[in-house]
1. Can you tell me the relative contact order of region 35-185? Whole percent, Cα pairs under 8 Å, sequence separation 6 or more.
2. Just to make sure I understand: if all protein chains stay in place, what is the order of THR167, THR98 by accessible area at 1.4 Å, largest first?
3. Which residue, HIS97, HIS26, HIS66, has the most motion in a Gaussian network model of the chain that connects Cα atoms within less than 10 Å?
4. Given the C-alpha centroids of region 52-77 and region 84-159, what is the distance between them in whole angstrom?
5. Over all Cα pairs of region 106-185, how is the pair count split among 10 Å bins, expressed in % and running from 0 up to the last occupied bin?
6. Probe of 1.4 angstrom, ligands and nucleic acids ignored: what's the accessible area per residue over the chain, in square angstrom?
7. Counting only GluC sites (Glu not before Pro) that sit in a DSSP loop (anything but H, G, I, E, B) with at most 12 other Cβ atoms within 10 Å, what is the longest stretch of the chain containing none of them?
8. Which of ALA56, GLN105, ILE154 sits farthest toward the positive end of the charge dipole of region 44-185, with +1 on the Cβ of Lys and Arg and -1 on the Cβ of Asp and Glu?
Amino acid sequence: EHRDDPRFLPLQAQCLRQLGDILREHVRFDEALGAVSQAIAIYEGPGADWEGLDRAVAEQEAGMIHRNAGQLPQALERYRRAQDRIPRIGSDEPREHTVFQAMIQRDIGIVAQDRGDLDTAERELNDALKSFRTLRGPDDFETSQIAKFLADVIRRQGEELREQARTSRRPLRRTRLKRLARAKL
């Protein structure tokens, strides 16, 4: 039995994270969260000294489970914990850490969009898009996905402004809101 052998802990944690992903895809959220939580416990266990992004990625995966389960406050909390667990190396941060930070910004932006906080969603998605365009280029699949989410947020903002213009009784405000809506749409 290799269960207690510390050399196998990284593999065990990785397997638990993969199991969590499979369970999440099968809409078995409680079991998925249990598996990912076990992986996080391994990363935070006694004597654990993890160099890379594994702990942060596990928190992000827990956030995805919460988001898919409709538990948006818990998802946001997990994404913030993932940000806090990105290893700090100083001014010479590895590219993969910068990409991961942008992924967390994307995830926070999506949760903000789901919660109706379109200003936060726009800010987070815009920052993530800038990073992805720089690091992966405009033709990257994830870059285009972030652009799509951002476009949806901006469209929703425009629709909200247009609705506010329709219901406004003040002519100057109505004109200003219509102009802002046109700029978004």
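1. 14
2. I get THR167, THR98, largest accessible area first.
3. HIS26
4. Here the two parts' Cα centres lie 15 Å apart.
5. 21, 39, 27, 11, 2
6. With all protein chains present, the chain gives 60 Å² per residue.
7. Value returned for the longest uninterrupted segment is 52-185.
8. ILE154
The values are calculated or read from the model by the stated rules, or taken from the named source; none is laboratory data. The model shown is predicted, which means the values in this text are computed figures rather than measured ones. When we count neighbours, we look across all protein chains shown, and the Cβ atoms used for this are built from the backbone with ideal geometry, even at glycine. Protein only, heavy atoms only, side chains kept; ligands, DNA and RNA dropped before computing areas. Shrake-Rupley method; radii C 1.70, N 1.55, O 1.52, S 1.80 Å.
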